[in-house]
Amino acid sequence: MIKNKHILIGVSGSIAAYKIPLLVRLLKKSGAEVKVVLTPSAKDFVTPVTLSTLSENPVYSDFVLNDEGEWSNHVDLALWADLILIAPASANTLAKMEQGICDNLLLAIYLSAKSPIAIAPAMDLDMYKHETTQQHLKKLSHRGHLIIPVNSGFLASGLEGEGRMAEPQEIYHFIESYFSENLPFNGLKALVTAGPTHEAIDPVRFIGNHSSGKMGIALAIALSEKGAEVTLVKGPMALDVYQLNHDYNINVIDVVSSDEMFIEVIKYWETSDIAIMAAAVADYKPKNIAQEKIKKLETDFTLALVKTKDILKSMGETKKLNQYLVGFALETENELANAKSKLNRKNLDAIVLNSMKDEGAGFGFDTNKVTIINKDTTKVNLPLLTKSETAKEIVNYISQQFFKK
Ligand code: CTP
């Protein structure tokens, strides 16, 4: 959930600053973008070089960057952040934040911030307990800022008590749960299908198609990033899906044929809130599967095919009021009209029309160009985007529509 999030850490002058490099490392390991701002006195406790190396970004401290008059744009830095974390927040910095005093870059960023603010205080126990510090914390909390509780223990002064900054792991978990609690699909279950199906002809041959599964995988990731608990039913594909399980906790179910996909999808559909059917399911399968390899004949050979079960249509037939169902359509003629008729026939909430005509769109490519058609016939034309960007746009669209239902 922290992946790709922009986290700006403001470090003020406290011995606890020595823990910040570890926090930067944890955040970077999770895929976050991190920028660090030091107050002038923080530089006595932790070096900019350490933090810039770990964050892979310059460390900011002064309003003016060099003799040429280049400056650190506090407004840009503030707007860049999805979350501003002040850690350690010394008694002095807390007091200035509360009062709106702006005598260093970090405080200017704070006053320009539009993002949420989290504060991890760190100070000696008497300073922490002091009435003014407690009042400042209370007021900052009333302002909507998140206060990361201090720990009790040995303090740099040699005293023991409350005032120790939370450990880097604790701050990391705080940030992680902050981002996951605010996701729109938290507590919702989503089902996605991806890839082709293989319809066996005999033990060594099948009917298949060129679907790579990339679009379905990108959709599963985009739904998971919005907080949904995702099940991905996928046909045979070459793509490595290790990261789906490992990084995103997506429940991956492998199937081969349309019949197998039907069984798994119907099982999970019952309890799903959202389903996106991106799989290119075969429309026909061999009437009989030969038990032994079919031998070459002297004559031509005709293979009898029967229709497969239309999985999406069955889902549409059992769709409950609060379920949101999205299909895909691949059309080569009368694109819009055919897609709209498919949407109605299968009782969908929306259909994603894949363009085969645009360069860079369709099977195998890393890019796609789609139109989302709503059941009220309004449509959204997306430009040519990577499949991952397309998936994010589709999922954003679903999140707007789903909560209107
Ligand atoms: N689909 C399905 N089960 C099938 C066939 C398709 O669930 N047996 C789903 C696909 O996952 C996709 C949508 O239905 O979401 C595509 O609809 P379909 O009518 O199969 O479209 P095309 O494959 O484009 O077929 P045609 O245009 O030939 O009707």
TODO: Mind giving me the nanometre distance, one decimal, between the label points for Ala200 and Asn381, set 7 Å out from Cα along Cα→Cβ?
DONE: 4.6 nm
Open item on the list: How charged is the neighbourhood of Gly144? Take every other residue with its Cβ under 14 Å from the Cβ of Gly144, and add Lys/Arg as +1 and Asp/Glu as -1.
Closed with: +3
Open item on the list: Whole-Hz ³J(HN,Hα) for each residue in the range 230-236, computed from phi via Karplus 6.51 cos²θ - 1.76 cosθ + 1.60 with θ = phi - 60°, x for glycine and proline: what do you get?
Closed with: 9, 10, 10, 9, 10, x, x
- [ ] Wrap a convex hull around the Cα atoms of the range 6-180, take a quarter of its surface area, and give that in square nanometres.
- [x] 9.5 nm²
Open item on the list: Could you derive backbone 3J(HN,Hα) for the range 144-149 from the dihedral phi with the Karplus parameters 6.51, -1.76 and 1.60 (θ = phi - 60°), listing whole Hz in sequence and x where the residue is Gly or Pro?
Closed with: x, 6, 9, 9, 8, x
Open item on the list: Please state the shape class of the range 1-70: rounded when a/c is under 1.5, otherwise prolate if a/b exceeds b/c and oblate if not, all from the C-alpha gyration tensor.
Closed with: oblate
TODO: Any chance you could run the full-extension gain for Lys114 through His246? It's 0.36 nm times the residue separation minus the Cα-Cα distance, nm to one decimal.
DONE: 44.2 nm
TODO: Using the Cα centre as the reference, give the magnitude of the dipole from point charges on the C-beta atoms of the range 189-402 (Lys, Arg: +1; Asp, Glu: -1; all else neutral), rounded to the nearest 20 debye.
DONE: 460 debye
TODO: Along Cα→Cβ, 7 Å out, is where each label goes; now give me the distance between the ones at Glu167 and Glu260 in nm to one decimal.
DONE: 4.5 nm
Task: Residue (of Ala280, Phe403, Thr386) at the positive-pole extreme of the range 273-405, dipole from beta-carbon charges - done: Phe403
Task: Ranking of Ile147, Ile175, Ile117 by count of other Cβ atoms within 10 Å, fewest first - done: Ile147, Ile117, Ile175
Task: Charged-residue dipole, Cβ positions (Lys, Arg, Asp, Glu), the range 6-180 about Cα centre, Debye nearest 20 - done: 400 debye
Task: Cα lying deepest toward the dipole's positive end in the chain, options Tyr178, Ala89, Thr299, charges on Cβ - done: Thr299
Task: Computed helical MRE - 222 nm, the chain, DSSP H runs ≥ 4 contributing -39500 (n - 2.57), nearest 500 - done: -10000 deg cm²/dmol
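With a 10 Å Cβ neighbour count serving as the proxy for reagent exposure, in which order, fewest first, do Lys346, Lys234 appear?
Lys346, Lys234
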- [ ] Please report, largest first and rounded to whole Å, the three semi-axes of the ellipsoid equivalent to the chain, where each semi-axis is the square root of five times an eigenvalue of the C-alpha gyration tensor.
- [x] 55, 21, 20
Task: Karplus 3J(HN,Hα) series, Hz, for the range 89-96 with 6.51 cos²θ - 1.76 cosθ + 1.60 (x for Gly, Pro) - done: 9, 6, 4, 5, 5, 4, 4, 5
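Just need the relative contact order of the range 6-180 here, percent rounded to a whole number, with Cα pairs under 8 Å and 6+ apart.
Relative CO of the range 6-180 lands at 22 percent.
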Open item on the list: Just to confirm a number: summing +1 for Lys and Arg and -1 for Asp and Glu over residues other than Asp283 whose beta-carbon lies under 12 angstrom from that of Asp283, what do you get?
Closed with: +2
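Could you give the dipole magnitude of the chain about its Cα centre, charging the beta-carbon of Lys and Arg +1 and that of Asp and Glu -1, in debye to the nearest 20?
1320 debye
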TODO: List the residues whose amide H sits under 5 Å from the amide H of Tyr324, counting only those 5 or more places along or on another chain, with H placed 1.01 Å from N in the peptide plane.
DONE: Ile274, Ala275
Task: FRET efficiency for Glu333 and Lys287, using Cβ-Cβ distance with R0 set to 35 Å, rounded to 0.05 - done: 0.75
Task: Spatially proximal lysines relative to Lys138 (Cα-Cα < 30 Å; intrachain offsets below 8 disregarded) - done: Lys5, Lys19, Lys35, Lys43, Lys96, Lys114, Lys129
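Which order results if His173, His246, His198 are arranged by neighbouring Cβ count within 10 Å, fewest first?
Ranked by crowding around the Cβ, least crowded first: His246, His173, His198.
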- [ ] Name the residue farthest towards the positive end of the dipole of the chain from the options Val64, Leu244, Ile101, assuming +1 on Cβ of Lys and Arg, -1 on Cβ of Asp and Glu, about the Cα centre.
- [x] Leu244
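Figure the gain on full extension for Leu159 and Leu183 (residue separation times 0.36 nm, minus the Cα-Cα span) and round it to one decimal in nm.
4.5 nm
Values quoted throughout were computed directly from the atomic coordinates according to the rules given, and no laboratory measurement underlies them. Since the structure is predicted, the reported quantities are computational estimates derived from the model, not experimental observations. Glycine gets a Cβ as well: all are built from the backbone with ideal geometry, and neighbour counts include every protein chain shown.
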